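A quick write-up on the structure given underneath.
Nothing in this text is a laboratory measurement; each read-out follows from the coordinates by a stated rule. Predicted, not measured: the structure shown is a model, and the values here were computed from it. A quick note on method: Cβ atoms are made from the backbone with ideal geometry, for glycine too, and the neighbour counts reach across all protein chains shown.
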Amino acid sequence: MSAAGRWLLPLAVLLELIAICMSSTQLSAISGVLFIFCFLCVGHSLQTYARTLLLVSLAVVAWFSIRGELGTDRLIKASADAAFYAAFLASLGMMQCLVRRFEVLRRIHDVLLGGRAIWLYPKYALVSCSIASVLSFGMMSLLCGSLSETLRERGISGESRLQWLRSVLISTLRGFALVPLVAPTSVAVAILTRELPQLSWSMLLPYGLAASVVLVVVGWILEQHRFRQVSSERVVLEQWPSGSLQLLGLISIVFAVMAVIVALTDFKVSVAAMMAVPSVTVLYMTWRERSVGVVLKESMTQVSSMNNEMAIFAASAILGVSISSVIPADALSGLATSAGGMWVLAVVGMLSLPLLSAIGVIPITVLSVQAGLLPQLIAEGMDPLLISVALVIGFSLAMMLSPFGPAVMLLSRFGQVPRRVVAFRWNGVFVLIVVPLLLALLALEIIVLPAIL
């Protein structure tokens, strides 16, 4: 990336954080324009998918604007949303700066593979979810990259290597897919709570936990036998690696700062995460390095390294606002008048995410469009909570099934396994089992529970 890009992207992130603190939509829109300018300047270095999605989103905006179907207010919203989602990813990604400073993160697989083999799948899934709640996509780089190093150092190859990859990496991916269901730092939660101010993460959490239990139990049943072979080849640690307690304390401070921000302001948890993560990370790095220049350089490098993911998030936001703006206001009229109709809409919303992701439309793009339609449904009388639950479940499934999604692409690259093998062969049976169970759970939550309560 050019020197200008390395400076401008962090500047755009900082500008968006300031805009959020000031509640300034205009400043946020300016930040969005700066983001787009940066992405266009470094377009040659973006991956094909990110570059194509960005150009398509800008072409759609230009077409609708020329036809007079997008007013100034919607253009400002599109730019502001682009800035918010790009800055959201960049802010959480700052935690990646801590990885190289803690031995426990470099030896994470030796730590996780300890204990009885029967508990390894849920341990990996839940720990992956916990780490991803803070590191976001950095968790996939951490666990996949450290596994590759572990296998190479120990000379594990052939069928044994494939068992390691399938058992460890698939549980890691499924743990990452739990983040939209339970974590306040999920981009899915950020999108939905931004579009629906009456919605909060705490309202979604009980339903997300129920869906998470279904996903973990089914995966546990299917995968636990593979971990028996893997566990026989592990290295048992006599004690926890150095820095473990310090890392735990640092993460606890991040969540404590988030809690204070939420308690003292009107910010949602996702916004609090955007403030807390980079602040605590930069302060810790400054304390360790004793050099503001070193910290500034590393921070800019980290933000710039995420330009592909930020471009995808920003383009998806622009596309979502544009498409939802031109759909007639009465297009969904009358569909939310009964519990049965609500369940049908919830099912369509949930299933469209993994189905479209399977053919290359990543879930954030689909969710951005769906979220833009939610105010129409809410005006028709639909419960915002239950339809949002269906969408976060669909988003979770899509993260596992999208061969073009960042998580599957990272797993494929580190494991040297084709993306479609990861998305469809390794996850196919799992998804076929959990989808009927999740549809039954939605029916219980939308039809049965309201009748009882």
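The HN-Hα couplings worked out from phi for region 255-260 by the Karplus form 6.51 cos²θ - 1.76 cosθ + 1.60 (θ = phi - 60°) are 6, 5, 5, 4, 4, 5 Hz, whole numbers, x standing for Gly and Pro.
In a fully extended conformation the segment linking I433 and S160 would gain 95.6 nm over its present Cα-Cα distance, using 0.36 nm per residue. Taking other C-beta atoms within 10 angstrom as a stand-in for reagent exposure, V13, V292, V271 fall in the order V292, V271, V13, fewest first. Simple spin-label estimate for L248 and V33 gives 5.0 nm between the two label positions (7 Å along the Cα-to-Cβ direction from each Cα). Fully extending the segment from S65 to R419, taken as 0.36 nm per residue of separation minus the present Cα-Cα distance, adds 123.7 nm. Our compactness index for region 1-95, the C-alpha radius of gyration over the empirical 2.2 N^0.38 Å, is 1.10. Treating r as the C-beta distance of I18 and E289 and R0 as 22 Å, the FRET efficiency rounds to 0.35.
Applying 1/(1 + (r/R0)^6) with R0 = 30 Å to the Cβ-Cβ distance of T72 and C41 gives a FRET efficiency near 0.75. Counting other Cβ atoms within 10 Å as a rough exposure proxy, the listed residues Y85, Y284, Y124 run Y284, Y124, Y85 from fewest neighbours to most.
The spacing between region 241-295 and region 37-51, judged by their C-alpha centroids, is 30 Å.
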